[in-house]
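Structure in structure tokens, see below.
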Amino acid sequence: MNHRISGWIAHRRAKWLVLVVMLVALGGLGSFGSKLADVQENDVASFLPAEAESTQVIAKATQFADPDVIPAIVLLVREDGPQPDDLARLETLKTDIAAIPEVTGDIVGPIPSEDGVAAQLVVSLRIDPDTGWERLPDVVDELRTAAEDGAGGADVYVAGPAALGADQAKAFAGIDGILLLAAISVVVVMLLLTYRSPILWIIPLVCGVLSVFAAQGVVYLLARYADLTVNGQSAGILSVLVLGAGIDYALLLVARYREELRNTEDRHEAMAHALHRAAPAILASGSTVVVGLLCLLLAQMSSTSGLGPVAAAGIVVSLVVMLVLLPVLLVVFGRWVFWPFVPRFGDPQPAERGIWGRVGRRIAHRPRTVWVVTTLALGAFTLGVVQLDADGLSNAESFTTEQPSIVAEEKLAEHFPGGAGDPVQVVADADAGEAAAAALQDVQGISPDTVTEPVVQGDIAYVEGTLEAAPDSTSAFETIDRARDALADVPGALVGGTTAINHDVQDASAADNRLIIPIILVAVLLILALLLRALVAPLVLLATVVLSFGAALGISALVFRHVLGFEGADSSLPLYAFVFLVALGIDYNIFLMTRVREEALLHGTRRGALIGLAATGGVITSAGLVLAGTFAALGSLPIVFLAELGFAVALGVLLDTIIVRSVLVTALNLDLGRWMWWPSALFRTDGGHVSGAPDHAVAHHAADPAHPADPLAEGHPAPEHRA
């Protein structure tokens, strides 16, 4: 950050103006943040690939079915066999159900099962589009209660899209509040352990929470006036990401400020120096995250492309708060907030006596052996990826706990065709309706007698058919492929429905993985090259983060399958995990390498690597623990995708901070030496050292803990330098 800007933020008098402006701005944005739920779009279409065939069917089928009407199946099962008055009882039950305000149209049934043990009623529920997501669980509960009251002792289940939607709505209910509370709890504990102060932790936490509320306000305004798509999933991830990343930035700035307080008597000047030195690394890391997230705009999946700008906006807000409000608050309150470990002017820097200084000296003895062994170990963990079945989750596999709709769906499949109540939908040109129906009847996997006569409205014909297999099974997906092949020559024919939607989602997610992952890698590489002014270091750092991602995903796959008992993974999990782990994981390398480069200008690369590790090791480890803890909070929701994402990102962040950054990158710095900075000027001078000096001599010099010139040698304090 420019000296003039940092000096203005930390100025004795100007800080009060900055404080007032920031509090007013954040308060105004926070007031809009409370309205974020009002602009969320949680309908099916808001998650789907915009150009997919099933998405087009949704748009065209609205003239045949009200988009605000969702079907529910009331299933009654009497295991001891039918009773003489069952049919009469069911007719009475239809009347009771029809009295529910949300029930619309005719109730279809009762439809008896072939085994005579069960009967079903198909009920249409009209849901207010403004309150439908929140209201749906109550409506389904009313439907279930009415059925139980009139079932005459039969077991009652409610299945179908309405029941599944109700369970999903319950799972996401209060997602923002639940995740934020869980994340705050983790942050409080980590800040207390990091600072060992009863006071200091409050300031970063307040800034983090204000960042979340302000980010929600910005996203609300973008959704309201810039047509940004927001759903419950992206809103939940926003809270976790902003709080976790914001606290990371705060930890780095506070650590640099504490260093400067030992070097500088005036706290305002100390903060100006801290901002000048720390802000470039913070801005670079934040920019990397923002660029990585914005790459998601290229995704076919609407939910994925929408997450990109939502999360990117949150990171920008977090950067502003942590680089403007946090330093102002710290200088306003003064040194005493660090009590009982108040940094005094003239105190020695403790880094050389810390654990990371000792770790660096141990690595320096055999750096090549360390990085080779570490790479092989991480590569071995990467092999676990073969256990990751990221081909999508069935409805039953989507929840971490048992859900009423899943139990009902399984019971329905016992007595009726697998796709009952969830038909394959076909639209075609008006004059091709008969051809579409005939082609659909011949498709293997479609019950021929369930194919309806075409209904024509305007220039579109509509046909339905029932799948023989469960609608979320692989067999059902194969049937959709056969149906599309069979209807390929029918003018205007498109195949949709829930099964087609899920199939298209998997295909789109796979395509997104192939497109976006390479683009993110290139974008991050360019940012690193500009920041470090070198080519070798960016390539090495990116390789280490990708290796860390592979190891995290491999270990996660083994844990998902053999420990947590998850049957598979959502098809978008690899991309989401990659974005967060590469974008966030590179943060820690940026924090380390900017400090290493700074020290290398004074001491040469090898000794600079040891100083950089010792100086940043503690704060980066704390930051990683905070971010890992906040993402782990996603596991508090009963959604398998979010639980898996939280676990994978948390594990990957821990690998980055504890293994990759502290061990692997440090060992590579020590082994490669000045070659890390090729082709920059630092490569030629290596901090003033003659570039032609034998590398082995420098390596011995850096690795010898007893050498009197080693700034991290036991008993020899680091030389004074402006941090």
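Quote the FRET efficiency, to the nearest 0.05, computed for Leu558 versus Asp149 with a Förster distance R0 of 60 Å and r equal to the Cβ-Cβ distance. Write down the numbers at each step before the final one.
On the way: r = 48 Å, r/R0 = 0.80.
About 0.80, to the nearest 0.05.
Rounded to the nearest 500, what is the 222 nm mean residue ellipticity of the chain from helices alone, with -39500 (n - 2.57) per DSSP H run of 4+ residues and division by all residues?
-20000 deg cm²/dmol
Follow-up. Quick one: which residues, 5 or more positions from Thr400 or on another chain, have an amide H under 5 Å from its amide H? H modelled 1.01 Å from N in the peptide plane, none for Pro or chain starts.
It is Ile639, Val640, by chain and number.
Please list, by residue number, every one of the GluC sites (Glu not before Pro) in the range 179-271 that is coil in DSSP and has at most 16 other beta-carbon atoms within 10 Å.
Hits after loop and neighbour filter: Glu265.
Let's see if you can work this out: charge +1 on each Lys and Arg Cβ, -1 on each Asp and Glu Cβ, no other charges. What is the dipole magnitude of the chain about its Cα centre, in debye to the nearest 20?
The calculated dipole for the chain is roughly 6620 debye.
State, to one decimal in nm, how far the label point of Asp141 lies from the label point of Ile202, with both points 7 Å from Cα in the Cβ direction.
Each label point lies 7 Å from its Cα, and together they span 3.9 nm.
Here is a further query. Once Lys and Arg get +1 and Asp and Glu get -1 on their Cβ, which of Thr499, Val455, Ala438 lies farthest toward the positive end of the dipole of the chain?
Of the options given, the answer is Thr499.
Which three lengths, in whole Å and largest first, does the range 367-444 cover when its Cα atoms are put on their principal axes?
Its Cα atoms span 74, 35, 19 Å along the three principal axes.
A follow-up question, please. Report the percentage of all Cα-Cα pairs in the range 268-312 whose separation exceeds 18 Å, rounded to a whole percent.
Result for the distance tail: 46 percent.
Which peptide among 523-531, 153-161 comes first, and what is the full order, when sorted by highest mean count of other Cβ atoms within 10 Å? Each step should come with its number before you reach the end.
On the way: 523-531: 18.4, 153-161: 20.7.
Ranked by mean Cβ neighbours within 10 Å, highest first: 153-161, 523-531.
Let me know the Kirkwood hydrodynamic radius for the range 68-172, please, with Cα pairs as the basis and the value in Å to one decimal.
This gives a value of 13.9 Å.
Bins of 10 Å, beginning at zero and ending with the bin holding the largest distance: percent of Cα pairs per bin for the range 509-558, please.
Per 10 Å bin, starting at zero, the Cα-Cα P(r) for the range 509-558 comes out as 23, 43, 28, 6 percent.
Also, quick follow-up: Which Cα, out of Leu531, Phe213, Ile639, lies furthest along the positive dipole direction of the chain (beta carbon charges, K/R +1, D/E -1)?
Leu531
Can you give the relative contact order of the chain as a percent, counting alpha carbon pairs under 8 Å and 6+ residues apart? Could the numbers behind the result be given before it?
Working: 1308 pairs, mean separation 127.3, N = 723.
Answer for the chain is 18 percent.
For the range 68-172, what's the relative contact order in percent, using C-alpha pairs closer than 8 Å and at least 6 residues apart?
Over the range 68-172, the number comes to 41 percent.
Based on the alpha-carbon gyration tensor of the range 423-496, what equivalent-ellipsoid semi-axes (square roots of 5 times the eigenvalues) come out, in whole Å, largest first?
Equivalent ellipsoid of the range 423-496: 20, 11, 10 Å, largest first.
Oh, and also: Ranking Val240, Val660 by Cβ neighbours within 10 Å, fewest first, what do you get?
Working: Val240 30, Val660 27.
Final ranking by Cβ density, sparse to dense: Val660, Val240.
How long, wide and thick is the chain, going by the Cα atoms along their three principal axes, in whole angstroms, largest first?
Rounded to whole Å, the extents work out to 97, 51, 49 Å.
A further question follows. Place a +1 charge on the Cβ of each Lys and Arg in the range 178-269 and a -1 charge on the Cβ of each Asp and Glu, then give the dipole magnitude about the Cα centre in debye, rounded to the nearest 20.
Working: 6 positive and 7 negative charges, 48 e Å.
Dipole magnitude for the range 178-269 comes out near 240 debye.
So, one more: Can you pull the Kirkwood radius for the range 351-509, inverse mean 1/r over Cα pairs, to one decimal in Å?
It is 19.4 Å.
No value in this document is a laboratory result; all are computed from the given coordinates. Every value quoted in this text rests on a predicted model; they were computed, and no experiment measured them. Heads up, the Cβs are rebuilt from the backbone with ideal geometry, glycines too, and the neighbour counts pull from every protein chain shown.
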